[in-house]
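Only one structure is covered here, and it is reproduced in the block below.
The values are calculated or read from the model by the stated rules, or taken from the named source; none is laboratory data. Just so it is clear, the structure is predicted and the values come from calculations on it, not from any experiment. Here the Cβ positions follow ideal geometry from the backbone for every residue, glycine too, while neighbour counts run over all protein chains shown.
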Amino acid sequence: MKLCRFDDDRLGLVQGGEVLDVSAALEVIPAQRWPIAPGDPLIVHLERVAERARALAAGAPRRKLHAVKLKSPVANPTKIVNAPINYQAHIDEAKNDQGIAHGRDMSKGIWDWGLFLKATSALIGPGEEIRLRFPERRNDHEVELAVVIGKRCNHVKMEGALQCIAGYAIGLDMTIRGPELQCFRKSPDTYAVCGPWLVTRDEIPDPNNLDLSLRVNGELRQNSNTRRLVYSVERLIEYASSFYTLYPGDLIFTGTPEGVGPVKPGDVITADIECIGRLEIRVADTYDQ
Ligand code: MN
């Protein structure tokens, strides 16, 4: 099942080139009062929402996919967890490009660096625009498989890790290159893109064997497969949950392959991941100042 959030936070079921408006399924989510429990309510109640959405589908109003504004399918993750260097060929290109490495010791691996968090306020969907924050600096694209955590979990072992997943999406870990810590450089508003929809776990039996690619204005920049991940999806969940509890809706951006490079205002980024689909987003003409 492919679930999207569109327009003024409506819930859609994606089928072919159409969006079926199943927003009425959101009524199964109980009302909450302050303080809100951690976790995205849609993902907490995903099974019941999906069941209701399936029942509503036959009679649901239909919209053309290209005519709706897609937002991040997860609205309220408690964390956006990121793998910093998780494809060997990207590590190799960073070693040879001080524009990426900025003096950091690239002989260290993910087991040295650990994971980092992007601000949840950076999150947008492909129907919005990436607004570059500093025009004079290098702003790079990074395509990544995004894992959506499905349940509260802590100290997960690799063997049970896939059962903790609700589904998958395409992530763009937009990045300002420079000497600051990753959590700072990668957290301006609009620098975490997620979409175009959530594909439920049952549709992707092995997330560690998916082609992924990215184009800028139609030109191929990144092209790899998740089997080249240094830490697999299961290992990333084990690693992340060895340090903190993961909650429903938490996102894990699993790292980017080689081919990262700068974007400029007006560029159109197209990212494809096998079994998920295509995400297209524009870089705004104006800077965020
Ligand atoms: Mn990244």
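Laid out as a table, the results:
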| item | result |
| --- | --- |
| Some residue of the stretch 213-224 being more than 16 Å from the ligand (Cβ to nearest atom) and either acidic (Asp, Glu) or in contact with a helix residue (DSSP H, G or I) (Cβ under 9 Å, 6 or more places away or on another chain) (or both) | yes |
| Search result, residues across the stretch 212-227 that are outside any helix (DSSP H, G or I) and closer than 20 Å to residue 91 by Cβ | 212, 213, 214, 221, 222, 223, 224, 225 |
| Filter result (within 16 Å of the ligand (Cβ to nearest atom) and in a loop (DSSP other than H, G, I, E, B)) within the stretch 96-107 | 97, 102, 104, 106 |
| Contacts under 9 angstrom Cβ, first residue in the stretch 166-188 being farther than 22 Å from residue 269 by Cα, partner outside any loop (DSSP other than H, G, I, E, B) and of a type in the set (Asp, Glu), 6 or more apart | 167/202; 167/203 |
| Residue 129 vs. criteria crowded, with 19+ Cβ neighbours inside 10 Å, among the acidic types (Asp, Glu) and either in contact (Cβ under 8 Å) with a residue 40 or more places away in the chain or touching a strand residue (DSSP E or B) at 6+ places or on another chain (Cβ under 9 Å) (or both) | no |
| Residue count for the stretch 61-95, restricted to those that are outside any loop (DSSP other than H, G, I, E, B), in contact with a strand residue (DSSP E or B) (Cβ under 9 Å, 6 or more places away or on another chain) and either surrounded by fewer than 21 Cβ atoms within 10 Å (Cβ to Cβ) or of a type in the set (Asp, Glu) (or both) | 6 |
| Residue tally, condition within 13 Å of the chain's Cα centre (by Cα) and either part of a loop (DSSP other than H, G, I, E, B) or not assigned by TED's automatic domain parsing to the domain that holds residue 145 (or both), over the stretch 265-279 | 1 |
| Residue count for the stretch 228-264, restricted to those that are within 14 Å of the ligand (Cβ to nearest atom) and either buried (at least 20 other Cβ atoms within 10 Å of the Cβ) or assigned to a loop (DSSP other than H, G, I, E, B) (or both) | 14 |
| Number of positions in the stretch 280-289 that are within 22 Å of residue 196 (Cα to Cα) and either part of a loop (DSSP other than H, G, I, E, B) or polar (S, T, N, Q) (or both) | 2 |
| Within the stretch 139-207, strands (runs of 3 or more DSSP E) holding 3 or more residues that are within 15 Å of the ligand (Cβ to nearest atom) and crowded, with 24+ Cβ neighbours inside 10 Å | 143-149, 165-173, 192-200 |
| Residues that are touching a Ser or Thr at 6+ places or on another chain (Cβ under 9 Å) and either closer than 12 Å to residue 81 by Cα or within 16 Å of the ligand (Cβ to nearest atom) (or both), drawn from the stretch 265-280 | 271, 273, 279 |
